[in-house]
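A.B. asks: Have a look at the structure that comes next, please.
The values are calculated or read from the model by the stated rules, or taken from the named source; none is laboratory data. From a predicted model like this one, the values you see are computed outputs, not experimental measurements. Note: ideal-geometry Cβ built from the backbone for every residue, glycine included; neighbour counts use all protein chains shown. Protein only, heavy atoms only, side chains kept; ligands, DNA and RNA dropped before computing areas. Shrake-Rupley method; radii C 1.70, N 1.55, O 1.52, S 1.80 Å.
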Amino acid sequence: MKGTLSLLGLALSIGALAFQFKDTQPHYKVLEPISQGTLTVFPVASATSFETGGFLTLDEGIGKGEVVVTEAGQVSGLVRPRPVLQDGVWRERPYPPAQAGPQVNELSLINNSERPLLLLAGEIVTGGKQDRVVSKDRIIPAHSQPVALGVFCVEPHRWTETSAKFGASGSAMAQPSIRLKAMADRNQQEVWNEVAKSRQVMADRLSAPAAARVQASSSYAVAMENPGVQAQINTVVKPLERTYDTLIQKLRAENAVGAVVAVNGEIIWADVFASSDLLNRFWPKLIRSYAAESFAPALSVGFRPPPTPQAAQMFLDRLGATHESVETEPGLYRQTEIDGEDYTAFILTSLLPKTGFNVHLAKMRQGNKNF
């Protein structure tokens, strides 16, 4: 009987959490799309906005030297020592013990900033022994000790250090197909497979000499930074950016906080943030990642017209789960993974003081069903 009551209590607690979670979701409104080539982007507006200026991004942190990313086991000397009160005496805090050494799927990150760091799954750091992609959304506290950062390699075949620290670029965001493999499938081989496909697609669009340079390196980041590849991406991004800029006043007035993305008539992805401020800070790298995805060899089925705003709205609104799991870092964040019949969604909620709101929603299409 005691066990039954405990299970009943647990079920009621989970049900209450689910009700609270769904009841507090802001309402999102999908606006008219902007398109270029096979890429269609639906801006997403919200009636609710939150103060997010206190968050630091990876690009900002690395650019200012406040965030340091290294191979596991190489953090000694990179932490700013901060005293700790012991027995009434302020003493220097000892460094944490070193880890065993570099590992493919783990890096060390230190946030020396005064602000908490917001990391998005799909952000790429370059350097070390291999370029890596961040595997999940998370929040790193200000003045952190070294944090184990889960990553996937996006540069197979290299295990030679090119730099002691990792760097970041404003355009270094993996395209949705690679983000999906890292976030939902969590499979290193699948990530490598998608990297190989993407590099091949890009090489196929270039002249023979340029294609050879793309294929000469196994690095996804190097391939994306190739001048020929950048020129191809710009054919999609530049017109979209001009259209976006002409709409920006309207979008700001309507509090644009995200986008639903479709490629060749098929809705594949959504990124939605807690504020226009966060969207604007991540937008330059997001739009380039969407553009890279639009070059996927899907046109064998023929050109298909963009989906309707109603279809995009339906995709964004559907959050009914066949399975749901929650991971929590007390006082920092909660990440909820929602698996539906044909999609997976991840919602990052800030638990820092004076927050308690959803910082980022990433939703990806799975399976072969259309919305």
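A.B. asks: Using the structure shown, decide if K136 is under 14 Å from the mean Cα position of the chain (by Cα), part of a helix (DSSP H, G or I) and closer than 27 Å to H360 by Cα. Talk me through it step by step, then tell me what you get.
C.D. replies: Values: under 14 Å from the mean Cα position of the chain (by Cα): yes; part of a helix (DSSP H, G or I): no; closer than 27 Å to H360 by Cα: yes.
Here the answer is no, as K136 does not meet what is asked.
A.B. asks: With respect to L319, determine if the residue is at pLDDT 95 or above, under 20 Å from the mean Cα position of the chain (by Cα) and hydrophobic (A, V, I, L, M, F, W, C). It would help to see each step written out before you state the result.
C.D. replies: Values: at pLDDT 95 or above: no; under 20 Å from the mean Cα position of the chain (by Cα): yes; hydrophobic (A, V, I, L, M, F, W, C): yes.
Against the criterion (at pLDDT 95 or above, under 20 Å from the mean Cα position of the chain (by Cα) and hydrophobic (A, V, I, L, M, F, W, C)), L319 does not qualify.
A.B. asks: Sticking with this structure for a sec: How about the stretch 218-227: which of its residues are free of Cβ contacts under 8 Å to residues at least 40 places away in the same chain and surrounded by fewer than 17 Cβ atoms within 10 Å (Cβ to Cβ)?
C.D. replies: Across the stretch 218-227, the qualifying residue is only P227.
A.B. asks: If I filter the stretch 158-189 down to residues being in a loop (DSSP other than H, G, I, E, B) and in contact with an Asp or Glu (Cβ under 7 Å, 6 or more places away or on another chain), which single residue comes out as surrounded by the fewest Cβ atoms within 10 Å (Cβ to Cβ)? Walk me through it before giving the result.
C.D. replies: Step one: list which residues in the stretch 158-189 are in a loop (DSSP other than H, G, I, E, B), which gives 158-164, 166, 168-172, 174-175, 186-187.
Filter once more, keeping what is in contact with an Asp or Glu (Cβ under 7 Å, 6 or more places away or on another chain): 168, 170, 172, 175.
Details: A168: 23, G170: 14, A172: 24, Q175: 25.
Result: G170.
A.B. asks: Select from the stretch 194-208 the residues that are more than 17 Å from the chain's Cα centre (by Cα), open to solvent by less than 60 Å² (accessible area, probe 1.4 Å) and either over 20 Å from R365 (Cβ atoms) or not hydrophobic (A, V, I, L, M, F, W, C) (or both) and list them in ascending order. So that I can check it myself, show each step before the final result.
C.D. replies: Restricting attention to the stretch 194-208, the residues satisfying the condition of being more than 17 Å from the chain's Cα centre (by Cα) are 196-208.
Filter once more, so that each one left must be open to solvent by less than 60 Å² (accessible area, probe 1.4 Å): 196, 198-199, 201-203, 206.
Scanning the stretch 194-208 gives A196, S198, R199, M202, A203, L206.
A.B. asks: Just to be sure, is P297 modelled with pLDDT of 90 or more and on the phi < 0 side of the Ramachandran plot?
C.D. replies: Values: modelled with pLDDT of 90 or more: no; on the phi < 0 side of the Ramachandran plot: yes.
Spelling it out, it is not the case that P297 is modelled with pLDDT of 90 or more and on the phi < 0 side of the Ramachandran plot.
A.B. asks: Are there strands (runs of 3 or more DSSP E) fully within the stretch 322-371 with at least 1 residues that are open to solvent by 10 Å² or more (accessible area, probe 1.4 Å)? List them. I'd like the intermediate steps shown before the answer.
C.D. replies: Details: elements: 323-329, 333-339, 343-350, 358-365.
Fully inside the stretch 322-371 and qualifying: 323-329, 333-339, 358-365.
A.B. asks: Could you tell me how many of the residues in the stretch 5-51 are open to solvent by less than 70 Å² (accessible area, probe 1.4 Å) and at pLDDT 60 or above?
C.D. replies: Total meeting the criteria: 20.
A.B. asks: Another question, if that's okay. Return the residues of the stretch 144-165 that are over 13 Å from G127 (Cβ atoms) and in contact with a strand residue (DSSP E or B) (Cβ under 7 Å, 6 or more places away or on another chain); say none if nothing qualifies.
C.D. replies: Selection gives S144, P146, V147, A148, L149, G150, F152.
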